[in-house]
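Working notes for the structure below.
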Amino acid sequence: MLRRSTSLDSCRRHELPASPPAVSVLASKSESSDKRDMYTDAMRVFEEAADLVHLDRRIRLELEEPDYEHIFWISARLQDRLVPIEGVEADTYADLPASDIQDKGSIEPLYDGKLILHAGALRSGSVYTREGVIRLRERGVFRIVRGQEERFKAYRIQHNKVRGPYKGGIRYHQDVSLDLFKVLAAEMTWKTAVVGVPLGGAKGGIKIDPRLYSRQELEAITLRYMYKLKNLIGPDFDIPAPDVGTNTETMAWLYRQYSDGERSPHHLRGVVTGKDVRIGGSEGRLRATGQGLVYCVEEWFEQKGRSLAGARYMLQGFGNVGTSVAELLHAKGAVLVAVDDADGTIYAPEGLDVEALVRYVHRTPSNLKRSVSGFPGGEAISKHDFWDVDVDVCIPAALGRAIDASTAERLRASLVVEGANHPTTPEADLVLANRGIELIPDIVANAGGVTVSYYEWIQNKRMEHWTEGDVNARLEQAIKSNYRLILDIAANRSRKTATYDSSLFVAGKTLPVRLAAMVLALRRIEAHYSLEGFSQ
């Protein structure tokens with residue numbers, strides 16, 4: 001029997017998952033052995049560099065494991081969802097009248113095909129449901145699933161702060177783990193030392209696929225995360241920033257929750273970086289990681305006496321970093337010929353239209369996946385074939401471990417520039433070296449983000465606002481001078497320039513570039529322990 005109502009019908013609630021373990025701070029290492037291998041692999045270059053520079057055992061012990069490993073649980077109540085019904089089941093509701101939508105903007109489609117129907121979306125008196133099913137005009141038939149509470153696993157790993165406050169991003173992704181965050185937190189310790197900013201290393205986030213949740217739900221989840229995190233961070237102790245799955249809006253939510261009710265909230269803006277420029281963010285921060293990478297590429301081409309204009313490159317990943325790199329390299333005349341992301345791979349031997357690709361991925365409302373898949377200006381190819389494309393430069397700018405030994409054997413590039421964190425496995429490093437493919441490692445190639453985050457933090461401290469030109473000038477000097485220093489260490493070349501004296505860092509023999517970068521990081525960290533000593 002047809003029922004007319006002004007509210008959605010109830011339907012059967014899903015069972016809640018079994019209760020998780022109690023909140024654990026300074027958690028034990030309970031992740032699986034394969035994830036343990038991830039951290040072991042990541043620390044190989046640290047161990048090799050520590051041996052090379054004869055790092056004091058006490059300092060080594062301070063750096064081999066994080067200072068703190070925080071694991072905790074957060075909960076939030078979800079909104080009602082409309083789950084699409086198709087086929088024979090949908091046919092049984094063929095006679096169900098369509099319910100009218102008040103404002104199409106109040107319907108929020110999710111990545112998995114479900115819809116979030118915000119309050120007031122349906123016209124009063126024009127809502128028709130039967131057996132918990134509703135038909136929306138021009139959208140189809142949906143089952144109403146009532147929102148319920150959901151629990152999420154959250155992390156904050158604080159690796160080391162001998163050089164300054166802990167610093168590192170907040171990642172929202174379904175595949176995060178304790179050991180992944182340990183890898184990324186340690187990476188931040190090395191990265192801040194390499195670019196010479198007085199910060200330490202941290203990382204954290206939530207085990208969640210943000211594409212499956214509405215903006216309102218993500219805000220609630222983020223606020224609850226900061227509520228639990230508040231006693232663990234601070235503008236002079238631990239400073240989060242955006243990472244995979246988070247953005248400037250996420251940082252605004254985090255800042256508001258942290259500062260709400262405080263006497264002088266404007267003095268707390270530096271608790272997070274990567275904010276919108278209108279609320280204390282830095283000019284140039286959005287593109288900073290990509291900008292720093294491009295400065296490294298420019299320097300490499302200059303060192304080789306080659307022109308960047310006309311150089312062919314491929315991108316793995318087209319999120320914030322990949323997009324920024326594409327736009328910046330396009331402006332310098334480089335040619336993007338292939339892009340791969342989680343949902344698709346495209347190729348154009350004569351070059352992709354970067355401006356059109358950016359519009360398609362980031363400004364097309366129907367492209368919910370924000371993927372290059374289906375882009376009309378490129379040919380779809382397999383992920384396997386992507387690594388066979390003939391280019392000058394390969395830029396992995398997505399997630400870790402993208403290039404393994406087998407991929408490295410097939411790569412047809414002169415240079416790999418690591419836009420992502422830890423995208424190349426140790427075995428792949430050896431293959432690349434044996435094949436003569438050069439590498440710009442992540443701890444300098446993608447350090448632009450944390451460098452400009454430091455500039456943002458300084459601006460917040462001083463209540464200043466720098467121009468983008470000033471920010472980029474500082475960034476270019478920081479990235480290029482430290483990259484040159486790394487190349488000097490790799491070549492065992494002692495020289496004194498206006499910005500550094502490489503004789504203080506060379507190890508007495510030539511080194512792979514990744515190892516040289518780690519030597520630089522450890523030398524700078526070692527100085528603090530050696531000069532300050534250890535508190536008792």
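Restricting the range 287-329 to residues that are touching a residue at least 24 places away in the same chain (Cβ under 8 Å) and among the aromatic types (F, W, Y), the residue that is nearest to I486 (Cα to Cα) is W300.
Residue pairs whose Cβ atoms lie under 7 Å apart, sitting 6 or more positions apart in sequence or on different chains, and linking a residue in the range 170-195 that is closer than 23 Å to L223 by Cβ and of a type in the set (A, V, I, L, M, F, W, C) to a partner that is in a helix (DSSP H, G or I) and modelled with pLDDT of 95 or more, are I170/T250. Do any strands (runs of 3 or more DSSP E) entirely within the range 31-136 hold 1 or more residues that are surrounded by 16 or more Cβ atoms within 10 Å (Cβ to Cβ), small (G, A, S) and at pLDDT 95 or above, and if so, which? Because the criterion is at least 1 residues that are surrounded by 16 or more Cβ atoms within 10 Å (Cβ to Cβ), small (G, A, S) and at pLDDT 95 or above, the strands (runs of 3 or more DSSP E) in the range 31-136 that meet it are 68-77.
Within the range 492-514, the set of residues being buried (at least 19 other Cβ atoms within 10 Å of the Cβ) and assigned to a helix (DSSP H, G or I) comprises S502, V513, R514.
Rundown of residues vs (1) within 25 Å of G436 (Cα to Cα); (2) in contact with a strand residue (DSSP E or B) (Cβ under 7 Å, 6 or more places away or on another chain); (3) aliphatic (A, V, I, L, M); (4) in a helix (DSSP H, G or I), yes/no style:
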| position | (1), (2), (3), (4) |
| --- | --- |
| H465 | no, no, no, no |
| G469 | no, no, no, yes |
| S481 | yes, no, no, yes |
| I486 | yes, no, yes, yes |
| A490 | yes, no, yes, yes |
| L522 | no, no, yes, yes |
| L531 | no, no, yes, yes |
| F534 | no, no, no, no |
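Annotation: T248 fulfils all but one of (1) under 21 Å from the mean Cα position of the chain (by Cα); (2) closer than 15 Å to A76 by Cβ; the unmet one is (2). Residues of the range 132-170 that are of a type in the set (D, E, K, R) and touching a Ser or Thr at 6+ places or on another chain (Cβ under 9 Å): R135, R137, R146, E149, E150, R151, K161, R163, K167.
Going by the conditions given, is R269 assigned by TED's automatic domain parsing to the domain that holds A220, more than 23 Å from V444 (Cα to Cα) and touching a helix residue (DSSP H, G or I) at 6+ places or on another chain (Cβ under 7 Å)? Yes: the conditions hold for R269. Total residues in the range 424-443 satisfying the condition of being among the polar types (S, T, N, Q) and either touching a residue at least 40 places away in the same chain (Cβ under 8 Å) or in a strand (DSSP E or B) (or both): the figure is 2. When you scan the range 429-451, do you find a residue that is among the aliphatic types (A, V, I, L, M), surrounded by 21 or more Cβ atoms within 10 Å (Cβ to Cβ), within 30 Å of L268 (Cβ to Cβ) and over 20 Å from the mean Cα position of the chain (by Cα), even just one? No, every residue in the range 429-451 fails to be among the aliphatic types (A, V, I, L, M), surrounded by 21 or more Cβ atoms within 10 Å (Cβ to Cβ), within 30 Å of L268 (Cβ to Cβ) and over 20 Å from the mean Cα position of the chain (by Cα). Looking only at the range 279-299, decide whether some residue is in a loop (DSSP other than H, G, I, E, B) and either polar (S, T, N, Q) or surrounded by fewer than 18 Cβ atoms within 10 Å (Cβ to Cβ) (or both). Looking for residues that are in a loop (DSSP other than H, G, I, E, B) and either polar (S, T, N, Q) or surrounded by fewer than 18 Cβ atoms within 10 Å (Cβ to Cβ) (or both), one finds at least one in the range 279-299, hence yes.
The values are calculated or read from the model by the stated rules, or taken from the named source; none is laboratory data. Keep in mind that what you see is a predicted model, and the values were worked out from it rather than measured. Cβ: placed from backbone, ideal geometry, glycine included. Neighbour counts: every protein chain shown.
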